[in-house]
Amino acid sequence: MVVFGTIACRDERPSATVDSAAIQNAARAAASAPTRTTGWDSAAGPIMVVSKSRASPDVAIILPGLTDSALAATSHFELATVANAPLELFGARGLAGNSKLQAVSQPGSSSGCVGWPTGTLARMPATDWRVSFEEGRAVGLPLDSLEGMNSADSARFVGSILQAVSALSNAGDPAFRGIPYFVRKGYRLALSPSTVLVAEAIRRIPEEANPREEHLLVLAERARDDAGYRVGFYKRSAGSEESLETSEILAAVRFTASSRPAIVVRLDYDDGGKIGLLERVAPGTWRITWRSAYTDC
């Protein structure tokens, strides 16, 4: 079993804005057609669209071919090729609805922030949604939320996650050793004949002068009902509240071209974040195959 190791949250941020002519040219090219340099699979389409607010049709248009430096250097987004693109929208319950993307070419931010171009949906779905792809690119996979489970299922979920976590090595900040985890958020995903659990487990050192937390994004999978869950992926972040990486599960999909399941996850830091794809690369083994460029303000 392959386990994806830890990386520090600040290592994912661009160290500086690059404005050379070469980067500008690369940025313009990537803004109109995603490339494999970022790990994005072109079969998933040229864009990913993310909801900016659950009550608003405003969206962020993620261009998967842009690296951190290329996004920071992009002065103009060419979006004519994706204007009026038909979209399928996904949330925790799977497919939430269909819409069209209303977008036009637009300049990059002039406020000093690094952000994605924005657009609007032609119509809002009746069901809550978080992420969308071009129509036909993906099929939605329903997620059962820990919050919506009955007490017995909830207890089994938490017990299975904690048991899986206990099998991990004690690598990381030794100050947290011996402190128990608790599960804050979690989801269950059925991938017949397997069942997948993904959760955020947390433990804390509540010192008044130096409070610290460790967050563990962990995914565990079992192939049969009578088999135990085994960790297929984990990502650890530890430190003060200001420096921690936190995660939010947006949706789960299966890409049509590859039949590969993927979980869309938002990775947030103190002043910005990225979107990532956590994909099942083999039975029981998951990996973050792509991260968007870093945005902040």
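The values are calculated or read from the model by the stated rules, or taken from the named source; none is laboratory data. These figures come from a predicted structure and were not determined experimentally. We place every Cβ from the backbone using ideal geometry, glycine too, and count neighbours over all the protein chains shown.
Before moving on, here are some points about what is shown:
- Just one of (1) within 24 Å of ALA167 (Cβ to Cβ); (2) in contact with a helix residue (DSSP H, G or I) (Cβ under 8 Å, 6 or more places away or on another chain) fails for TYR269. It is (1).
Each row is one residue, and each column tells you yes or no for (1) more than 20 Å from PRO142 (Cβ to Cβ); (2) surrounded by 21 or more Cβ atoms within 10 Å (Cβ to Cβ); (3) in the same structural domain as VAL49 (by TED's automatic domain parsing).
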position	(1), (2), (3)
VAL218	yes, yes, no
ALA227	yes, no, no
SER243	yes, no, no
ARG266	no, no, no
ASP271	yes, no, no
LEU278	no, yes, no
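- When restricted to residues that are free of Cβ contacts under 8 Å to residues at least 12 places away in the same chain, of a type in the set (D, E, K, R) and farther than 17 Å from ILE205 by Cβ, the range 148-188 contains 2.
- None of LEU267, LEU191 is out of contact with any Gly (no Cβ under 9 Å at 6 or more places or on another chain) and either touching a residue at least 60 places away in the same chain (Cβ under 8 Å) or not hydrophobic (A, V, I, L, M, F, W, C) (or both) except LEU191.
- Single residue of the range 208-247 satisfying the filter (modelled with pLDDT under 85 and among the hydrophobic types (A, V, I, L, M, F, W, C)) that is farthest from LYS185 (Cα to Cα): ALA209
- Going through (1) in a strand (DSSP E or B); (2) farther than 16 Å from SER132 by Cα one by one, SER258 falls short only on (1).
Residues checked against (1) crowded, with 16+ Cβ neighbours inside 10 Å; (2) more than 21 Å from the chain's Cα centre (by Cα); (3) in a loop (DSSP other than H, G, I, E, B):
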| position | (1), (2), (3) |
| --- | --- |
| MET124 | yes, yes, yes |
| ASP128 | no, no, yes |
| PHE133 | yes, no, no |
| ALA155 | no, yes, no |
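- Residue count for the range 166-178 under the criterion of being surrounded by 11 or more Cβ atoms within 10 Å (Cβ to Cβ), at negative phi and in contact with a Lys or Arg (Cβ under 8 Å, 6 or more places away or on another chain): the result is 4.
- Residue that is farthest from GLY94 (Cα to Cα) [pool: residues in the range 222-255 that are of a type in the set (Ser, Thr, Tyr) and outside any loop (DSSP other than H, G, I, E, B)]: SER237
- No other residue among ALA190, ALA167, ALA201, ALA175 is of a type in the set (A, V, I, L, M) and touching a helix residue (DSSP H, G or I) at 6+ places or on another chain (Cβ under 6 Å) apart from ALA201.
- Subset of the range 136-145 (residues that are surrounded by fewer than 19 Cβ atoms within 10 Å (Cβ to Cβ) and under 22 Å from GLU200 (Cβ atoms)): PRO142, ASP144, SER145
- Some residue of the range 158-165 being surrounded by 14 or more Cβ atoms within 10 Å (Cβ to Cβ), part of a strand (DSSP E or B) and over 17 Å from the mean Cα position of the chain (by Cα): no
- Only a single item in (1) assigned to a loop (DSSP other than H, G, I, E, B); (2) among the aliphatic types (A, V, I, L, M); (3) farther than 29 Å from ALA223 by Cα is not met by ALA175, and it is number (1).
- Out of GLY159, GLY148, sole residue that is within 30 Å of PRO57 (Cβ to Cβ) and outside the structural domain of ALA85 (by TED's automatic domain parsing): GLY148
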